[in-house]
1. What does the charge add up to near His301, with Lys and Arg as +1, Asp and Glu as -1, over the other residues with Cβ less than 13 Å from its Cβ?
2. What value, in deg cm²/dmol to 500, does the helix sum -39500 (n - 2.57) over DSSP H runs of n ≥ 4 give at 222 nm once divided by the residues of the chain?
3. Calculate, for Val118 and Thr232, the FRET efficiency according to 1/(1 + (r/R0)^6) with r their C-beta to C-beta distance and R0 45 Å; round to the nearest 0.05.
4. What is the pair-distance distribution P(r) of the chain, computed from all Cα-Cα distances in 10 Å bins starting at 0, with each bin given as a whole percent?
5. At 7 Å along the Cα-to-beta-carbon direction for both Thr279 and Lys240, put a label point, then send me their distance in nm to one decimal.
6. Residue separation times 0.36 nm, minus the C-alpha to C-alpha distance between Glu49 and Asp295: what's the value?
7. Where a ≥ b ≥ c are the square roots of the eigenvalues of the C-alpha gyration tensor, would you call region 84-146 rounded, which needs a/c under 1.5, or, failing that, prolate if a/b is larger than b/c, or oblate?
8. How big is the accessible area of Asp275 in square angstrom, nearest 10, if you roll a 1.4 angstrom probe over the protein chains?
Amino acid sequence: MSQWEKFYSSYPPPNDYNSSLKKISAFCEIHKDKKIVLITSGGTAVPLEHNTVRFVDNFSAGTRGSASAEYFLQTGYAVIFMHRQGSLEPYARHFKGQELLELLEVVQNETGETQVKVQDSSIHKVLPILKMYETVKSEGRLIKIPFVNLPDYLWLLKGAAEVFSKAGENVMLYLAAAVSDFYIPPNEMSEHKIQSRDGALVISLHLVPKILQPLVNAWVPNAFVISFKLETDESILISKARAALEKYKHKLVIGNILQTRKQRVVMVTTDSSYDLIVTPDEMKAGLEIDKKIVDEVVNLHELFIKGTF
Ligand code: 9Z3
């Protein structure tokens, strides 16, 4: 049994697994004449106990995934947005928490009825986003599949890949989620809340099997797979990205550094690497690097479909 087979056999699929796959399958059928992208987004939680009180998590807010989803939708793609529950989502990301309260005001209309309306000063921000959202909704071009923890993420990715196995080059996987490299196997996990009376906590985290291996080579051999590589040390970014390409044999790794991920990424192919950058002026004007990434990736997908990438 391979490492990833062992991993899957030690966890049950998530509760909503079958309904999620049915949803993905129906979506693919409806949009079979379009380009479809599966975007993964946000971080995976790694539970420390079966009755989980504590878990290991990471920084990912889901900006890359949710912003990219909007830009793919703008270019006509159908989007399956597989995201960490509670992380940023396309369109909604612009109106979170306190900001939403600042956009609205309570007014009375001519007949004295109390109403909630968008403040005049905010209409220019709200209207274009709402219009885009409504278009996408009426066309049914976006579905959202939530996950919380690492096993659920891996099950859903495998299940989605099985749905795609019949699909061709029109399908893209855009793996922007920050997936944990480490986990505690269920047979080593405490059943109940770990007790502090037992003293300092020593846990041993095992390596998560590299899912890109079966994904690229067995589950979706025809799809256009793009993985992301995150580092904090610039000097190893390109070599690690290239090592992933050599190992898993997909076509493109997008590298980014934690602190500068909103300003710069490096596109790494087997024989080239080049930067995409947003300048401070572009940022001030509201341009997001995710727009540049998606424009580039959409072009490469077209070449991939033609067999020239
Ligand atoms: C990324 O590198 C994403 O760009 C970020 C986006 C997670 C940095 P935010 O959600 O951040 O906008 O706050 N994602 C992939 C990271 C990852 O786990 N890659 C694996 C690796 O590096 C390979 S699939 O080994």
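The values are calculated or read from the model by the stated rules, or taken from the named source; none is laboratory data. Computed from a predicted structure; not experimentally measured. As a convention, Cβ positions derive from the backbone with ideal geometry for all residues, glycine included, and neighbour counts pool all protein chains shown. Protein only, heavy atoms only, side chains kept; ligands, DNA and RNA dropped before computing areas. Shrake-Rupley method; radii C 1.70, N 1.55, O 1.52, S 1.80 Å.
1. 0
2. -11000 deg cm²/dmol
3. With a Förster radius of 45 Å, E is 0.65.
4. Spelled out per bin, shortest first, that is 5, 24, 32, 23, 11, 4, 1, 0.
5. 3.0
6. On the way: separation 246, 0.36 × 246 = 88.56 nm, distance 4.24 nm.
Full extension from Glu49 to Asp295 adds 84.3 nm.
7. Cα axes put region 84-146 in the prolate bin.
8. 80
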